[in-house]
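Notes follow once the structure below has been shown.
The values are calculated or read from the model by the stated rules, or taken from the named source; none is laboratory data. What you are looking at is a predicted structure, and each value in this text was computed from that prediction instead of being measured. Positions of Cβ are backbone-derived with ideal geometry, glycine not excepted, and every protein chain shown enters the neighbour counts.
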Amino acid sequence: MSLTTLDWVIVGISIVISFIPALVLMRRAGRSTSEFFTSGRAAPWWLIGVSMVATTFSTDTPNLVTNFVREGGVAGNWAWWSFLLTGMATVFFYARLWRRSGVLTDLELYELRYSGRAATLVRGFRAVYLGLFFNCIIMATVNLAAAKISAVLLGWPMWRTLAVCAVLSIAFASAAGLWGLLVEEFIQFGIAMTGSFAAAWFALHRPEVGGLAGLVSHARPAMLGFLPDFADWSTAVVIFVIPLTVQWWSVWYPGAEPGGGSYIAQRMLAARSERDALGGTLLFNVAHYALRSWPWIIVALSSTLVYPSLADLRVALPYVDPRLVGHDMAYPAMLRFLPAGWLGLMIAGLLAAYRSTISTHLNWGTSYLVHDMYRRFVRPDADERHYVAVGRLVTALLMIVAALVTFVLDTARDSFNLMMSIGAGTGLIYLLRWFWWRINAWSEISAMVSSFLVALGFFIAGRSGAAVPAHVSLLVTVAVTSVVWIGTTLLTRPTDHDTLVRFYERVRPAGPGWARVRAASGLAPSPDSLPQQFLAWTVGCVFVYASLFAAGSWLYGRVGPAVGLTIVAVASGLLLARLVASMFRAGDEGPMRGEELGTSSSSRYDHVHRP
């Protein structure tokens, strides 16, 4: 395809507009690591909420959703819809706890929660494992999607796309710091969502589709169902039963970590108060699942009528490397039908989505490598400007490594499955470590090692021709990892008493899991209520799922179900609003408010936990 001058002008304007916050806030970002990595702990709820949504909307996301729909129908999206259970748990059980902790990164929590050399080891190991290895795989997946889209729309080879994207990403991420990223992502989300709705509109108006009515009448009924066909039990187990019963709590996946973590924790730690941490995370989960799904699904369903098979895609894209043509390529293939101007807006939206995700991962990964590795173990006595300068250098190096890793990946679905398998079985620890004092650093080390070794074993078996179905390997990995870490927890010495008391005094988790520590220390009970949190979690999940499927029912023209689901959504939404308000009555912000945390909690507490 060839873009018109109007298209290029729109793309150029979007880049300039998005780059302005980075330039304006560059000096502020350079003051300290607190400003560079957590925006000085002053971000409001609406800004961090939109930032989370923008970060999880990347160039690979619509491709992945298209892959799910074309292979398993709309119900195939339960592979990620199931993570709403995790997200809502983060909102009501963990957001305020993260904000109270006052750490600069979620890895710093290890030396606040655990004691001894094991705590130091797990913090340093995860800084490199997540910040470098895991993070670069994620960024490579995003790069791959960008390369596929540019190959379809622009005819660019992969190396050219990666070179342009690397220059833009390094410039944005190294200059802006988290404050700049938050503001950029607010702007970029608007551009990206406008492009998504435009893509859905023009996809529906293809003659093969014939509008919403034509889509519903021409698509196979099995493709449209919100739930899988339970007559095909083996498929239903894979795409629905396992995600809702096992996957959501057992798997560590960036953006949907049990208990919150990575860049989600980074946003909660950047919030100006506990109220903002909870409100922003709630906004993220509502928008992530209920708002964004349908524009992508509409394009994916339309693509099944325009390009019914992979053979049709290959015929339509003869100039694209055949290795790259999978079902996920149907999304960029559908974008070829956008008229001049709209195509430029769509490319601007995808570029905005790409930059917001990559910039966040660069900032997040750099925070681990600089704060949790370099500052903690290599150069603990430098000034703040030195660490910011090192952070900007590491940002550039991370982007280069991620670009190189891109060349070994094939599809977004493969990358998704790889990350799911590596993190399988560890999720339960991240849920329970806040609420059960007995979990220690060795629990986490044993879970990481066992999960990785089992996943590696399945990977080698697959390469040797003895491939095991993904859902079977997931269940086996979760079972083995759970047995290993629970056994390790009970057989190793607990965290020392003084560390447990300091943690409880600072974070104040609710429930019986800390009764022993609380009684021994004489500290007051937690300000939180577990029954209230469980109720809010349940109502929140009902609200989002009802909203998601009400929107789908209206789009399908199914008025009866649409009205019923809308009533459920409104009623649960009103109840949810009351529950959230009740959590903060009487000015309850927990024991550590924003003004008490300041900007140097890491320096104040690091020395306490050094062996």
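Within region 19-53, being aromatic (Phe, Trp, Tyr) and crowded, with 24+ Cβ neighbours inside 10 Å holds for PHE36, PHE37. Screening the candidates ALA199, ALA265 for the property of being over 19 Å from the mean Cα position of the chain (by Cα) and surrounded by 20 or more Cβ atoms within 10 Å (Cβ to Cβ) yields one hit, ALA199. Of the listed requirements (1) in a helix (DSSP H, G or I); (2) more than 27 Å from GLU444 (Cα to Cα), ILE264 misses just one: (2).
Here ALA510 meets the list (1) in contact with a Leu (Cβ under 7 Å, 6 or more places away or on another chain); (2) at pLDDT 95 or above almost entirely, failing just condition (2).
Might you let me know whether region 157-174 holds any residue that is over 21 Å from the mean Cα position of the chain (by Cα), among the polar types (S, T, N, Q), surrounded by fewer than 24 Cβ atoms within 10 Å (Cβ to Cβ) and closer than 17 Å to ALA353 by Cβ? Yes; the residues of region 157-174 include at least one that is over 21 Å from the mean Cα position of the chain (by Cα), among the polar types (S, T, N, Q), surrounded by fewer than 24 Cβ atoms within 10 Å (Cβ to Cβ) and closer than 17 Å to ALA353 by Cβ. Figure legend. Inter-residue proximity from region 300-314: first residues within 13 Å of PRO332 (Cα to Cα), second residues aromatic (Phe, Trp, Tyr) and assigned to a helix (DSSP H, G or I), beta-carbon distance below 9 Å, spacing 6+ or different chains. Indicated pairs: ALA300/PHE68; ALA300/TYR331; SER303/TYR331; VAL306/PHE337. When the helices (runs of 4 or more DSSP H) confined to region 552-611 are screened for residues that are of a type outside the set (Asp, Glu), under 27 Å from the mean Cα position of the chain (by Cα) and at pLDDT below 50, those reaching at least 1 such residues are found at 594-597, 601-609. Apart from one condition, TRP179 fits all of (1) surrounded by fewer than 24 Cβ atoms within 10 Å (Cβ to Cβ); (2) of a type in the set (A, V, I, L, M, F, W, C); (3) in contact with an Asp or Glu (Cβ under 7 Å, 6 or more places away or on another chain); the exception is (1). Answer yes or no as to whether THR56 is crowded, with 22+ Cβ neighbours inside 10 Å and either without any contact (Cβ under 8 Å) to a residue 40 or more places away in the chain or within 14 Å of the chain's Cα centre (by Cα) (or both). For THR56, the condition - crowded, with 22+ Cβ neighbours inside 10 Å and either without any contact (Cβ under 8 Å) to a residue 40 or more places away in the chain or within 14 Å of the chain's Cα centre (by Cα) (or both) - is met. Residue-level check: of (1) in contact with a helix residue (DSSP H, G or I) (Cβ under 6 Å, 6 or more places away or on another chain); (2) surrounded by 23 or more Cβ atoms within 10 Å (Cβ to Cβ), PRO295 misses just (2). Examine region 30-45 for a residue that is of a type in the set (A, V, I, L, M), modelled with pLDDT of 80 or more and within 20 Å of the chain's Cα centre (by Cα), and state whether such a residue exists. Checked region 30-45: at least one residue is of a type in the set (A, V, I, L, M), modelled with pLDDT of 80 or more and within 20 Å of the chain's Cα centre (by Cα).
Return yes or no: is PHE134 buried (at least 24 other Cβ atoms within 10 Å of the Cβ) and part of a helix (DSSP H, G or I)? Before you say what the answer is, go through the steps one by one.
Working: buried (at least 24 other Cβ atoms within 10 Å of the Cβ): no; part of a helix (DSSP H, G or I): yes.
Here the answer is no, as PHE134 does not meet what is asked.
Kindly indicate which of VAL251, VAL238 is modelled with pLDDT under 90 and surrounded by fewer than 22 Cβ atoms within 10 Å (Cβ to Cβ). Please lay out each step first, then the result.
Numbers: VAL251 fails: surrounded by fewer than 22 Cβ atoms within 10 Å (Cβ to Cβ).
Just a single option satisfies the conditions, and that option is VAL238.
For region 368-394, enumerate the residues that are modelled with pLDDT under 90 and among the hydroxyl-bearing types (Ser, Thr, Tyr). Correct list: TYR387 only.
Annotation note: of HIS288, HIS327, the sole residue that is of a type outside the set (Ser, Thr, Tyr), at pLDDT 90 or above and touching a Leu at 6+ places or on another chain (Cβ under 9 Å) is HIS288.
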